[in-house]
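Let me begin by handing over the structure; questions about it come next.
Nothing in this text is a laboratory measurement; each read-out follows from the coordinates by a stated rule. None of these values were measured; they are calculated from a predicted model. Neighbour counts are summed over all protein chains in view; Cβ atoms, including those assigned to glycine, are modelled from backbone coordinates with ideal geometry.
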Amino acid sequence: MIAVIAGGTGLTGSKILQLLVEDPFFTRVIALTRRPLGLQHPKVEERIITDFRNISNVLSIPTGATFFCALGTTLKSAGTRAAFRSVDFDAVVQFGLLAKNSKANAFLGISATGANPDSQIFFNQVKGEAEQALGSLAIPSTVILRPGLLIGDRQESRPAERLGIIIAQAIPGKWIRRFATGVDALAHRMVTEAKAPSPGIKVIEARDLG
């Protein structure tokens, strides 16, 4: 199986990429990335993309591949709502269109807990709109995962997020999965779902991850 991944240098994307490289089920990995991966492996084909917002019209991908979308940013990193939307909606949907045009076998994307196109919270609204747009593409199998606050080793410092993780980790038992999601668990679940895709649209909530 050929895997196509966007966002392979991010917190979750890098873990997904590692799993794809290690898994013999995937014989070839096409990584669409804004900056070099720093990874040399015979299975990996790196394609540098300067603008993800038009990829569905300019890229050629083999038919029947499985697509992994790990694109995403934060309002703080993006700087403006428009810049945030250009990544978490425009780029994500373009990647979905590329999957559709390539007759993808399956599309797996990372959304967020609380995603809702009618939400009064901008972040959740954009995530919900992206989910809605992806669902309309009629890809044979579409899996949307809605993690909580992601727990993993980040390169950049996010003090508020770090505090949230400490609080979330103090929550006992099964309740922690409603608020926080381990990156390893999220990545493994995506790869597992990709190897046995179910037809239609499947949404996996944070409580069912981990």
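Give the angle, between 0 and 90 degrees and rounded to the nearest 10, that separates the Cα long axis of helix 183-195 from the longest principal axis of the Cα atoms of the chain.
40
If you don't mind, another one. At 222 nm, what helix-only mean residue ellipticity would the chain give, in deg cm²/dmol to the nearest 500, using -39500 (n - 2.57) for each DSSP H run of four or more?
Numbers: 8 runs with 73 residues, N = 210.
Here the helix-only value at 222 nm equals -10000 deg cm²/dmol.
Let me ask something additional. Could you list, in their original order, any pairs among Lys15/Lys103; Lys100/Lys127; Lys43/Lys195; Lys100/Lys195 whose Cα atoms are separated by more than 23 Å? Write out the running numbers ahead of the final one.
Working: Lys15/Lys103 25 Å; Lys100/Lys127 19 Å; Lys43/Lys195 17 Å; Lys100/Lys195 18 Å.
From Lys15/Lys103; Lys100/Lys127; Lys43/Lys195; Lys100/Lys195, over 23 Å: Lys15/Lys103.
What chymotrypsin sites (Phe, Trp or Tyr not before Pro) in region 1-80 are in a loop by DSSP, with at most 16 other Cβ atoms within 10 Å of the Cβ? Mind dumping the intermediate values first?
Values: sites: Phe25, Phe26, Phe52, Phe67, Phe68; in loops: Phe25, Phe26.
Here the sparse-neighbourhood loop sites are Phe25.
Tell me the Kirkwood hydrodynamic radius of the chain in angstroms, computed as one over the mean inverse distance between distinct C-alpha pairs. Don't jump to the answer; show the numbers that get you there.
Numbers: mean 1/r = 0.0581 Å⁻¹.
17.2 Å is the Kirkwood radius here.
Which three semi-axes in whole Å describe the equivalent ellipsoid of region 1-100, each the square root of 5 times a Cα gyration tensor eigenvalue, listed largest first? Don't skip to the end; give the middle numbers.
On the way: eigenvalues 105, 48, 24 Å².
Result for region 1-100: semi-axes of 23, 15, 11 Å.
Placing +1 on the Cβ of each Lys and Arg and -1 on the Cβ of each Asp and Glu in the chain, which of Ala82, Gly96, Phe122 has its Cα farthest towards the positive end of the resulting dipole?
Phe122
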